[in-house]
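Just so you know, all these numbers are worked out from the coordinates, no wet-lab data involved. What you see is a predicted model, and the numbers here were worked out from it, not measured in a lab. Here the Cβ is made from the backbone with ideal geometry for all residues, glycine too, and neighbour counts use every protein chain on show.
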Amino acid sequence: MKLTVIGTGYVGVVSAAVYASFGHQVTGLDVDAKKVAALKEGKVPFYEPHLEELLLEQQAAGRLRFTTEYNEAIPDAEIVIIAVGTPSAADGQADLKYIKAATESLAPLVSDGTIVVIKSTVPPGTLKIVDDQLKSLGKTRYYTASLPEFLREGSAVNDTLHPDRVVIGASDAFVFDKLEELHKPLNAPVVKITPESAQMAKYAANNYLATRITFANQIADLCDKNGADVQEVIAAIGLDQRIGNHYWYPGFGYGGSCFPKDVKELAAYSRAVGEANNLFNKVNELNEGRIPRLLELYGQKIGGWAGKKVAILGLSFKPNTDDMREAPSTKVVPELIKAGAEVVGFDPRAEWSVFMPNTPLNQVEDIKTAVAEADVIMALIEWPEILSCDFGALKLEKQQWFIDARNQFTPDQVVGWGYAYIGIGRPSRE
Ligand SMILES: NC(=O)c1ccc[n+]([C@@H]2O[C@H](COP(=O)([O-])OP(=O)(O)OC[C@H]3O[C@@H](n4cnc5c(N)ncnc54)[C@H](O)[C@@H]3O)[C@@H](O)[C@H]2O)c1
């Protein structure tokens, strides 16, 4: 098949390379000329494990190319997959301006019988907007579908090659058949539903996971009041098969390019359809308030932030990515600076100055330098480099606090290294 993927970000490049690996002819199209120039040279403009190898392999095989030109990419495509960004607008609703711009550009060029697929995360009703737009631009013989994406940054290639399911939202047997055939090599369960159900499924999945994180945080906050340890509570409830022992992340709240945005968007959608007083608005509010609340609490424990030297370990929003969208560091660092602390940062991949040019941070190359003078070490993200570090060997003579923002170390381990310990929903130790 001949496919075009519009938008060569995290989702678009991975999808394009994986579809090419199935033997299809794939064109990746983006309006960002710098990104396309890098991709043409086989360079991925962001960090995603195993992606560059796959990209080079498919380019060498002549199955994958990149362009900025709609008139090169659209006329021959049997399937056009839109994977552009859908950031939240100021009121929280999904901003569909990139979807609309892409549709406007492709409409005059799309051939009869082409399937226009939306892979971006969009609210129910978006396919109708695209449909109306195509019709108003004179198109009548095309198909539309929704194909929500569930990959996780940091393991995007593996997730795309081994998905738990493929969700196809459409209203036409031809479209279901064609998209099912496209995904056949994955050998994954295929869920064929309406476009609205597919779009709701994407929001429901991410909102459930974000709610689970928020739930763990709420339990952790109560544990702080009574000396319980949230990790012990999780171990106890996780054995209940209705609950399960997976996906428990008490911490500084969820971040990243998807959860905060998808919760805000479902909350805004709820308000727009008259369901303002529901869970999603509350989850968003709790998550937004979490970092200032915890920093205030920890400030009291350590005798105030003013004048303290703080080492922030982990600037990306999760391990194995350089993506800093809604990373906890982007909230923690400005709050600490405001409170008078002196902050040093370390991350194996993320570059603070690129993502946060207006908030100066001394980003250093290794953990040893970051913690060299620190009064407080804050382990924000579970990068393997941070998890495997022997912090005992780095301990200074003076009293130092170790804040484990993801409960990745045991209190005994941290105290054994010689630090005073603060964890999430676990008793502090000095
Ligand atoms: N990143 C993730 O982990 C992830 C996972 C699942 C779903 N999603 C969803 O997938 C979509 C894309 O996310 P992403 O993280 O890949 O975004 P991204 O910001 O990394 O990439 C989007 C790309 O679209 C391009 N673009 C914008 N307008 C365009 C146009 N008119 N024509 C051509 N290209 C255009 C941009 O230049 C950019 O390169 C979003 O809706 C997101 O919610 C993302």
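On a full-extension model of 0.36 nm per residue, what is the gain between Asn358 and Asp164, subtracting their alpha-carbon distance, rounded to one decimal in nm?
Numbers: separation 194, 0.36 × 194 = 69.84 nm, distance 4.00 nm.
Length gained, Asn358 through Asp164: 65.8 nm.
Remark: the range 359-430 carries a charge dipole of roughly 220 debye about the Cα centre, counting +1 on each Lys and Arg Cβ and -1 on each Asp and Glu Cβ.
Extension gain, Glu52 to Ser388: 0.36 nm times the residue separation minus the Cα-Cα distance gives 118.4 nm.
For the chain, the spread of Cα positions along the three principal axes, ordered from largest to smallest, is 72, 47, 38 Å. From most to least packed by mean Cβ count within 10 Å, the peptides 114-125, 2-13 give 2-13, 114-125.
Residue separation of Leu239 and Gln93 scaled by 0.36 nm, minus their Cα-Cα distance, works out to 48.8 nm of gained length. Taking every DSSP beta bridge that has both ends in the chain, the antiparallel portion is near 5%. Consider a paramagnetic label point 7 Å from the Cα of Ala61 along Cα→Cβ; state which residues of the range 1-38 have an amide N under 20 Å from it. Correct set: 1-6, 11-29.
Highest mean first, what order results for 169-175, 153-159 on Cβ atoms within 10 Å? Working shown, then result.
Numbers: 169-175: 17.0, 153-159: 19.7.
So the order, starting with the most tightly packed, is 153-159, 169-175.
Using the alpha-carbon atoms, what tilt in degrees (0 to 90, nearest 10) does helix 279-302 show relative to the longest principal axis of the chain? It works out to around 30 degrees. Take the residue pairs Lys192/Lys261; Lys34/Lys338; Lys202/Lys225; Lys225/Lys282; Lys43/Lys308 and return only those whose Cα atoms are more than 32 Å apart. Table pairs above 32 Å Cα-Cα are Lys34/Lys338; Lys202/Lys225; Lys43/Lys308. The relative contact order of the range 208-422, computed from alpha carbon pairs under 8 Å that lie at least 6 residues apart in sequence, is 17 percent. Ordering Gly345, Pro427, Asn217 by the projection of their Cα atoms onto the charge dipole of the chain, which places +1 on the Cβ of Lys and Arg and -1 on the Cβ of Asp and Glu, puts Asn217 at the extreme positive end. The charge dipole of the chain, taken about the Cα centre with unit charges on the Cβ atoms of Lys, Arg (+1) and Asp, Glu (-1), comes to about 600 debye, rounded to the nearest 20.
Once R0 is set to 56 Å, what does the formula 1/(1 + (r/R0)^6) return for the Cβ-Cβ distance between Glu69 and Asn278, expressed as a FRET efficiency to the nearest 0.05?
0.80
Using only Cα coordinates, the Kirkwood hydrodynamic radius of the range 2-193 works out to 16.7 Å.
FRET efficiency for the pair Gln300 and Asp177, taken as 1/(1 + (r/R0)^6) with r the Cβ-Cβ distance and R0 = 51 Å, rounds to 0.25. Computing FRET efficiency as 1/(1 + (r/R0)^6) for Gln399 and Leu222, where r is the C-beta to C-beta distance and R0 is 30 Å, gives about 0.55.
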